[in-house]
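The values are calculated or read from the model by the stated rules, or taken from the named source; none is laboratory data. It should be emphasised that the depicted structure is a prediction, and the values quoted were computed from it without experimental measurement. Cβ: placed from backbone, ideal geometry, glycine included. Neighbour counts: every protein chain shown.
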Amino acid sequence: MITQLEVGGIPTVLGPTTGPMHAGLVFRVGFADEPLAKRGITHLVEHLALHSFGVADYHYNGATSVEYTFFHTRGAEADIVKFLNGVCAALNDLPMHRLTTEKEILRTEENGRSEGPTEALALWRHGARDYGVVTYPEWGLSGITPDDLRAWVGRYFTRQNAALWIAGPAVPAGLQLTLPTGRRMPAPAQSSALPVRPAYFSGPSNVVAWDAVVRREARAAVFSGVLERALFRSLRQESGLSYTVHAGYEPRGDGSAVISAFADALPEKQGAVLGGFVDVLASARLGLIDQAEVTTVVNQRTEELTHAEENGSRLPGQAFNLLAGRPVQSLDEALAELRAVTRDDVAAVAASAFADGLLMTPGLTSADWAGYTAAPNSSDVVVQGTTYPSLEDPALALIAGESGVSVVGDGSAATVWFDQCAAVLAWPDGARRFVGHDGIQVSFEPTLFMNGHALIPALDARVRPELRTPMPPRDAARIPIPRPKPPQEHQPAPAAPETESGGTAGAVLGLVVLSPILLFFGLIGVVMLISAVADSEDTGSEVILGLSFLFVAVACGFGVGKAIRKLRNR
Amino acid sequence: MLPAMSQPTDVVLDSAAAYPEINALRAALARRDWPACRTLLDSAGSMERTGLIRAVCEDEGLEGFLRAVLAADPADGAASALLGTHLIDVGWKIRTGARAQYVSREQFAAFHDWLRKAEQVLIDGAAYNPKDPAVWTARITSARGLQLGLAESRRRYDRLTAADPYHLPGQLQLLQMLCPKWDGSWEQVHEFARDAVGAAPAGGPHGVLIAEAHIEHVFDADNRAEMMGYLANEQVRAEIYQAAQRSIWHPGFGRGYGWIEALSSFALLFMLLDDQRAAAATFTAMGNLATRHPWDYLADDVVTQIQQARTWALGGKR
């Protein structure tokens, strides 16, 4: 039985547990709230708030997620009180002397982080804002100042924007959650980078993934369970094409929920996994859902909920509900909603999910044949302005205008409009990368254009200062030197300067990083997660200068070679 | 007196002459009588049903009619299969059967548009009717045209065999896909043909798979010498005769689905093998009936080709 109360003005849910006491303080702020130029700021606050507990001998943790940031611990009452009071004290006075060190720790953490197989979907669905920001590296770290942090805490880590859960018999004595005063911050509105749905884009060759945004309700959760069973039966049991098959349901604060699913594939079976996946989704769209499947999923979920109630693990979700302005749901209410779900309800969710679907096809495959529209990966329009031809490749050019920048070449274009710009990454050597709201990027390497350095102040002046995202200095070896294309074989081109590292890997790395153009790179992280291969730079030796438009999803450099090759072969 | 001695002069390529039910289905379609079409299709054997669907898929004006049938009953598998097969056929006529290098960009674009339309009908058809062999046969064909890859073609074929283990119309489609001109290799073609023929009951038309595998292989040769070299291989010859023993020369070989196609393919092979006796027996069994394929591999004027071969086989000069 969950009861609601207030602790220090913070709405609280209290419920029993079978284990030791567990408590958490949650704030309605997460990655989705971060402007791209400040990407990483919430995570940084979380780290700074926890710094003072570095060597505590009890179990505590902090987590930053898409919409929520929470601090939680399990143990004796006194430890819980000490931890939560301490977190609040730290939030009121962040240990700014730790800033440089914590930034380094976060960079290291990010390097070791692997992306989930469905993560790239958010980039393609939402672009470089709100729910799409989640997929980007913590680019904001370098430029985040103590003032930025104080402002962020003042806006989001407030009493009015917090909730507390306690799994235990009662509120522990001595809990003084002193937090600044603010206001409740609703979850951000969801941007869309998909003009048409159902849509598809191609990702790594070893996974098929899909997602859809639907209304948040029990029948949608049941549908995700039914979908997982259907995918498992088709792709694993019947055809033996996939090993890992998963579908999930994730509610969002605005009353929607994301249903996502993926299946892994051997590269040589990718077409078949896609085909089987498409067929399962089609059956769902047509409402070909078995009552027995619905019953099975409802029963499983009933069991999970009942168990979760017993050990207190429904409480965090109910605390999130409080912050989202949703009523706390008792177990009986949750079970009643679940048991009321009919086969037709699930079929209705399936149809609307299909209509909203975004499919990530494996490798070089497409899904236009199955009725999915290609998600945009380049720009239809080029800015009016001055053209700066590349010193390396006459077919490539940067166009800089009053309203935006474009890169053109190879018959396609990437354009970022200054008034629809999510961030401009700025390196001390003058390199710039403009990231549009739609996720399209334009990179500018001043060394690769005639008088390129003279253009920088003009570009900088046209972008709102808060979008400027300072980046750490690059190694000299990473700053490109123009290497014109050899005009004719009888007139040998000047030898390409050796990079410091030398050798093939070095040269390729140079190419990738020096490329004046922008990378469109979908789901490289997935490639790595699944294949556990992290050396794609080394394997990218076929990367050719020339193409151009990359739509960068993930960290620069990592796996770019693979992505370029993939694009070029489309 | 053997009927062959009458030396038929006409070559009849209309498949309705070999399979009279086709006329009844054509007539029912012409009067847009779907219940009658269904009665005919539902009473046919599995392979015959797919054969009937393929035989009438060229009829014009089918799309509007069948879309209306499907609007009334989206789960009508026969209508899905026929509409899908029809749309594939329209697309393939635009593409033509030429090798890819002789097909224009515009032709390919239109071809793929029609195949995508077909595929979307067939996706739903397969969802509603996962055990309909005609739907899966059409989907093996569309997968080939849409270049969805060998793995997906195999998946579709596996779904077909789950519905009907020896479904020759679909096997012939997969055999095409396995050819090097599409996505496979000669090893895959011959292995598939041998396995499929070995698994299917003797006396059926399935031996044609081995005949077709060799026909595809021999016509892939660059010149006549290479063709002759291929056919001179003892193993090739032996395999062809074994396949004939298991099908067209088997005492159980009847006049069910695929009989004329099997005879027509073996007749061509026997001619290429210069086996006049075997060719004569085969042409005799065919009477004046024949099929366009595989004689169109020799020349566009299929009737002349067949007449000449038959004349030679039955004792005249080639």
Tally up the residues in the range A:432-462 that are of a type in the set (Val, Ile, Thr) and surrounded by 20 or more Cβ atoms within 10 Å (Cβ to Cβ), please. 3
Residues within the range A:327-378 that are at pLDDT below 95 and over 24 Å from A:Arg301 (Cβ atoms), tallied: 6
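Restricting the range A:100-130 to residues that are of a type in the set (A, V, I, L, M) and in contact with a helix residue (DSSP H, G or I) (Cβ under 7 Å, 6 or more places away or on another chain), which is farthest from A:Tyr243 (Cα to Cα)? Outline the logic, then answer.
Step one: filter the range A:100-130 for residues of a type in the set (A, V, I, L, M), giving A:105-106, A:120-123, A:128.
Narrowing further to those that are in contact with a helix residue (DSSP H, G or I) (Cβ under 7 Å, 6 or more places away or on another chain): A:105-106, A:120, A:122-123, A:128.
Values: A:Ile105: 35, A:Leu106: 33, A:Ala120: 21, A:Ala122: 24, A:Leu123: 26, A:Ala128: 32 Å.
Filtering first and then ranking leaves A:Ile105.
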Considering only residues that are among the aliphatic types (A, V, I, L, M), more than 29 Å from B:Ala18 (Cα to Cα) and without any contact (Cβ under 8 Å) to a residue 40 or more places away in the chain, look in the range B:47-99 and name the one that is nearest to the other protein chains (Cβ to nearest Cβ). B:Ala71
Name the residues in the range B:151-168 that are facing another protein chain (nearest Cβ under 10 Å) and touching a Phe, Trp or Tyr at 6+ places or on another chain (Cβ under 6 Å), would you? B:Arg156, B:Arg159
Output yes when any residue across the range A:342-351 is in contact with an Asp or Glu (Cβ under 7 Å, 6 or more places away or on another chain) and either away from chain B (no Cβ under 14 Å) or not charged (D, E, K, R) (or both), and no when none is. no
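Need at least 2 residues that are in contact with a strand residue (DSSP E or B) (Cβ under 9 Å, 6 or more places away or on another chain) and at pLDDT 95 or above per element, so show me which helices (runs of 4 or more DSSP H) inside the range A:59-163 make the cut, counting only ones lying wholly within it. Please lay out each step first, then the result.
Values: elements: A:77-92, A:99-111, A:119-126, A:130-133, A:146-156.
Where helices (runs of 4 or more DSSP H) fall fully within the range A:59-163 and carry at least 2 residues being in contact with a strand residue (DSSP E or B) (Cβ under 9 Å, 6 or more places away or on another chain) and at pLDDT 95 or above, they are A:77-92, A:119-126, A:130-133.
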Among what's in the range B:85-102 and is polar (S, T, N, Q) and within 19 Å of the chain's Cα centre (by Cα), pick the residue that is farthest from A:Gly371 (Cα to Cα). B:Thr96
For the range B:1-70, which fully contained helices (runs of 4 or more DSSP H) count at least 3 residues that are touching a Pro at 6+ places or on another chain (Cβ under 7 Å) and modelled with pLDDT of 95 or more? B:46-56
Kindly indicate which of A:Asp368, A:Asp344 is of a type outside the set (A, V, I, L, M, F, W, C), out of contact with any Ser or Thr (no Cβ under 8 Å at 6 or more places or on another chain) and more than 26 Å from A:Leu194 (Cβ to Cβ). A:Asp344
Filter the range A:226-244 down to the residues that are farther than 19 Å from B:Ala163 by Cβ, assigned to a helix (DSSP H, G or I) and in contact with a helix residue (DSSP H, G or I) (Cβ under 7 Å, 6 or more places away or on another chain) and list them by number. A:Val226, A:Leu227, A:Arg229, A:Leu231
Would you check which residues across the range A:287-305 are β-branched (Val, Ile, Thr) and either over 29 Å from the mean Cα position of the chain (by Cα) or within 14 Å of chain B (Cβ to nearest Cβ) (or both) and list them? A:Ile289, A:Val294, A:Thr295, A:Thr296, A:Val298, A:Thr302
Given (1) more than 28 Å from B:Asp222 (Cα to Cα); (2) surrounded by fewer than 21 Cβ atoms within 10 Å (Cβ to Cβ); (3) of a type in the set (Gly, Ala, Ser), identify the lone condition not met by B:Gly258. (2)
Taking the criterion of being touching a Leu at 6+ places or on another chain (Cβ under 9 Å), buried (at least 22 other Cβ atoms within 10 Å of the Cβ) and more than 19 Å from A:Val278 (Cβ to Cβ), would at least one residue in the range B:147-163 satisfy it? no
State yes or no: is B:Arg105 touching a residue at least 24 places away in the same chain (Cβ under 8 Å), more than 12 Å from chain A (Cβ to nearest Cβ) and under 18 Å from A:Asp368 (Cβ atoms)? no
Which ones in the range B:266-306 are part of a loop (DSSP other than H, G, I, E, B), closer than 22 Å to B:Ala221 by Cα and under 16 Å from the mean Cα position of the chain (by Cα)? B:Arg292, B:His293, B:Pro294
Among the residues of the range B:223-254, what is the count of those that are outside any helix (DSSP H, G or I) and either touching a residue at least 60 places away in the same chain (Cβ under 8 Å) or among the polar types (S, T, N, Q) (or both)? 3
For the range B:274-289, does any single residue satisfy the condition of being surrounded by fewer than 23 Cβ atoms within 10 Å (Cβ to Cβ), closer than 14 Å to B:Gly207 by Cα and in contact with a strand residue (DSSP E or B) (Cβ under 8 Å, 6 or more places away or on another chain)? no
Looking at (1) in contact (Cβ under 8 Å) with a residue 60 or more places away in the chain; (2) surrounded by fewer than 17 Cβ atoms within 10 Å (Cβ to Cβ); (3) of a type outside the set (Lys, Arg); (4) in contact with a Gly (Cβ under 7 Å, 6 or more places away or on another chain), can you tell me which one A:Leu177 breaks? (2)
If a residue must be more than 13 Å from A:Phe232 (Cα to Cα) and either assigned to a helix (DSSP H, G or I) or at the interface with chain B (Cβ under 7 Å from one of its Cβ atoms) (or both), how many such residues does the range A:262-286 contain? 14
Restrict the check to the range B:199-216 and report whether at least one residue is under 30 Å from A:Asp368 (Cβ atoms), more than 14 Å from chain A (Cβ to nearest Cβ) and not hydrophobic (A, V, I, L, M, F, W, C). yes
Residues located in the range A:383-396, provided they are among the hydrophobic types (A, V, I, L, M, F, W, C) and farther than 10 Å from A:Leu448 by Cα: A:Val383, A:Ala395, A:Leu396
Can you tell me which residue is farthest from A:Val298 (Cα to Cα) among those in the range A:223-261 that are acidic (Asp, Glu) and away from every other protein chain (no Cβ under 14 Å)? A:Asp254
The number of residues in the range B:201-222 that are buried (at least 17 other Cβ atoms within 10 Å of the Cβ) and assigned to a helix (DSSP H, G or I) is 14
Meets criteria (free of Cβ contacts under 8 Å to residues at least 60 places away in the same chain and on the phi < 0 side of the Ramachandran plot) for B:Ala126: yes
List pairs: first in the range B:268-292 and on the phi > 0 side of the Ramachandran plot, second modelled with pLDDT under 95 and not hydrophobic (A, V, I, L, M, F, W, C), Cβ under 8 Å, 6+ apart or cross-chain? B:Gly287/B:Pro3; B:Gly287/B:Pro8
List the number of the failed condition for A:Pro267; all other conditions in (1) more than 28 Å from the chain's Cα centre (by Cα); (2) surrounded by fewer than 18 Cβ atoms within 10 Å (Cβ to Cβ) hold. (1)
Of those in the range B:114-135 that are more than 11 Å from chain A (Cβ to nearest Cβ) and closer than 25 Å to B:Tyr166 by Cβ, the residue surrounded by the fewest Cβ atoms within 10 Å (Cβ to Cβ) is B:Lys131
